[in-house]
Amino acid sequence: MEPLLKIKDLHVDFLSYAGAAHALNGIDFELFPGEFLGLVGESGSGKSLTANSVLGLLPRKNAVIAKGSILFEGEELVGKSEREYQALRGKKISMVFQEPMNALNPAFKIGSQVTEILKLHQGVTAKKARTEAVRWLARVRIPHPEEIMNVYPFELSGGMRQRVLLAMALSCGSKLLLADEPTTALDVSIQAQILRLIRDTTDSLGTSVLLITHDLAVVAQTCQRVAVMYSGNIVESGPVSNVLRLPRHPYTKALLQALPHLDGPIKALQSIPGTVPNLLTPPSGCRFHPRCSVAEKRCQADRPKLLSVAENHYVACWRESHHV
Amino acid sequence: MSKPILSLREVVKEFPIRGARGNLSFRAVNHVSLDVFPGETVGLVGESGCGKSTLGYMVMDLLPITQGEILFEGQKLADASKVERRKLQAKIQIVFQDPQSSLNPRFRIGQIVEEPLRLNGWRDKRERKNLVLQLLSKVSLGEEYLRRYPHELSGGQRQRVAIARALSLNPQLIVLDEPTSALDVSVQAQILNLLRELQQNLNLSYLFISHNLAVIRHLSSKVAVMYLGQIVEISGTDDLFAKPLHPYTKMLLSSVPNLNDERPLEVAVESEMPSAMHPPSGCSFHPRCPQASELCRQFNPELQRVNDLHWVSCHNFTQKEEETKGDA
């Protein structure tokens, strides 16, 4: 099967007065049609940046794609003009953000915001757009969709706003949904509703989802495959059950041991010593080596590549894959 | 059994709301009673708007209570004279969620930790400095941090400073209001381990407020679940997670993603929390409850005893049922 999205050796640099920060340091991954892929990592690891690069949302002033390619349906996205991106955004690739209040315009009613995207991309009449919009609001299980068309975003709860954004994101038949921490601002009971909704609606539409989150438990219960990021690199990727049950990269292992659990015995948590590296002066070799408990000499010298350790399971660590 | 260090008796908090449609009031905390014993951690869990932080602020005496009483070591805070109150307050400290905003950006770390000492009668400068160094070393920060500003520290380090400041007056109780919610998991683990270690070494009591059930379970010996201003269930931690009795607790536990579970998340209830401005009649959970009956719509249930540590407020719970279940 051809991947829907194929990112190859992507490097993104931020230019600052202190030099270039290598925020994405050569990442590779593929996303297949209908797949639900989780992208996890701590703050500053580059997960949102990856999604923003796909959609061409990098700040033009100081961010550059230094190297690499982003293929969507076999078409190169790197180097596309703003006009070309506009035809793509919301139509073939759409995005749901963390803060639904910031993603909606507070001065316009829900109806006008949902119909706007339909009118723009589908070229339908205002009347047709309105019936379509109501249908989509109903599809994301908003009660009384006709009434909701006439309210302003501030009148809705966070969960309802996120539903509206999901309706907008899917209404033009997007092939790829980039969901950037869509439930981080929500309560757990609402989080469960929204995650379930994203899964159900994208399943029935055949949309691929890239779910960006810092919560490994969310990944465990929603995604099929997961990629773990650390400081601008993907350090491990594979099927959720493999990566979370039998992690191979020291960072993934450490992250899992740092999490308090809902069941099982209560043990002291293993924290990861040190802090996330400064991207202006990243460590040489493997960027995790200064915090890694099993680092060797070559970890300092050379950067390990993402290599296969089992079927579909890839790890970038000298100790794991390279001696095979 | 020892005496509780903190007792809440039928505490109510109402916020007045003046509007065009007359003066209303909004009841954020509704008849809450709770005991915290020396050396224990009581977890307070619930979704946003359930009143858990308001309760913490009232314990801290940052908000006046509308009804009921709060006793600290058997003494009523509201009745104490100004001088006594100050002394009592020194024994209760708080750590807030976001250390970025709870630390003064224009103070150096040394000044931040020194401030409570200076305000509470430590006159000797050198003594204060020594104490500050001791406090910083308790949270594993070295002398080199003394002259730094909060913005020069990472989130986890800033939270350590906030903890050092809370420890400065030798408190007996610390209110922890979502202390790790703004932190990454690897740093969260550091802070949780630190809090646990400090509790053991200094015999501290914690009132631990969080929406994160896994974190609550990790640190607490007793957990109170709040919904719309009321405690709906309170129990020893193991019991609560193994055998939740209130439908809201069950819903909450089934909604939390679990790392050890790969089944798709269950959606127990499709509806959202009603507005606390217009709370439902009877049991406040009845509009979302799968087992709600006419009784639930009309009358608010009281907390019933399950065992000495476990109490639940639900009409559908009967002790008998519980016993037969236990036998089976």
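The values are calculated or read from the model by the stated rules, or taken from the named source; none is laboratory data. What you see is a predicted model, and the numbers here were worked out from it, not measured in a lab. Methodologically, a virtual Cβ is constructed for each residue, glycine included, from the backbone with ideal geometry; neighbour enumeration extends over all protein chains shown. Note: accessible area is taken over every heavy atom of the protein model, side chains too, but ligands, DNA and RNA are not part of it. Shrake-Rupley method; radii C 1.70, N 1.55, O 1.52, S 1.80 Å.
Quick notes on this one:
- Strands (runs of 3 or more DSSP E) contained in the range B:7-119 and holding at least 3 residues closer than 30 Å to B:Arg305 by Cα: B:22-36, B:41-45, B:67-72
- Residues (touching a helix residue (DSSP H, G or I) at 6+ places or on another chain (Cβ under 6 Å), more than 15 Å from B:Leu103 (Cβ to Cβ) and within 14 Å of another protein chain (Cβ to nearest Cβ)) located in the range B:158-184: B:Thr180
- Within the range B:236-280, the residues that satisfy the criterion of being closer than 20 Å to A:Gly264 by Cα and among the charged types (D, E, K, R) are B:Asp238, B:Asp239, B:Lys243, B:Lys250, B:Asp261, B:Glu262, B:Arg263.
- From B:Phe15, B:Phe37, B:Phe26, residue being closer than 22 Å to B:Ser205 by Cα, of a type in the set (Phe, Trp, Tyr) and in contact (Cβ under 8 Å) with a residue 12 or more places away in the chain: B:Phe37
- Scanning the range A:10-48 for residues that are open to solvent by 20 Å² or more (accessible area, probe 1.4 Å), farther than 18 Å from A:Leu71 by Cβ and among the hydrophobic types (A, V, I, L, M, F, W, C) gives A:Phe14, A:Leu15, A:Ala18, A:Ala20.
- The helices (runs of 4 or more DSSP H) falling completely within the range A:1-103 that include 1 or more residues that are in contact (Cβ under 8 Å) with a residue 12 or more places away in the chain and among the aromatic types (Phe, Trp, Tyr) map to A:82-88.
- From the list A:Ala185, A:Ala220, A:Ala179, A:Ala227, the one residue that fits, being open to solvent by less than 10 Å² (accessible area, probe 1.4 Å) and more than 13 Å from the chain's Cα centre (by Cα), is A:Ala220.
- Hits in the range A:150-159 - residues which are open to solvent by 30 Å² or more (accessible area, probe 1.4 Å) and part of a helix (DSSP H, G or I): A:Phe154, A:Glu155
- Test for A:Tyr314: is it in a strand (DSSP E or B), under 30 Å from A:Ala20 (Cα atoms) and either within 12 Å of another protein chain (Cβ to nearest Cβ) or open to solvent by 50 Å² or more (accessible area, probe 1.4 Å) (or both): yes
- When each of A:Val134, A:Val124, A:Val164 is tested for being among the hydrophobic types (A, V, I, L, M, F, W, C) and modelled with pLDDT under 95, the lone residue that passes is A:Val124.
- Residues in the range B:40-83 that are among the aromatic types (Phe, Trp, Tyr) and under 15 Å from the mean Cα position of the chain (by Cα): B:Tyr57 alone.
- Restricting attention to the range A:240-281, the residues being away from chain B (no Cβ under 13 Å), surrounded by fewer than 18 Cβ atoms within 10 Å (Cβ to Cβ) and within 18 Å of A:Gly26 (Cα to Cα) number 2.
- Residue tally, condition within 23 Å of the chain's Cα centre (by Cα) and open to solvent by less than 70 Å² (accessible area, probe 1.4 Å), over the range A:295-306: 1
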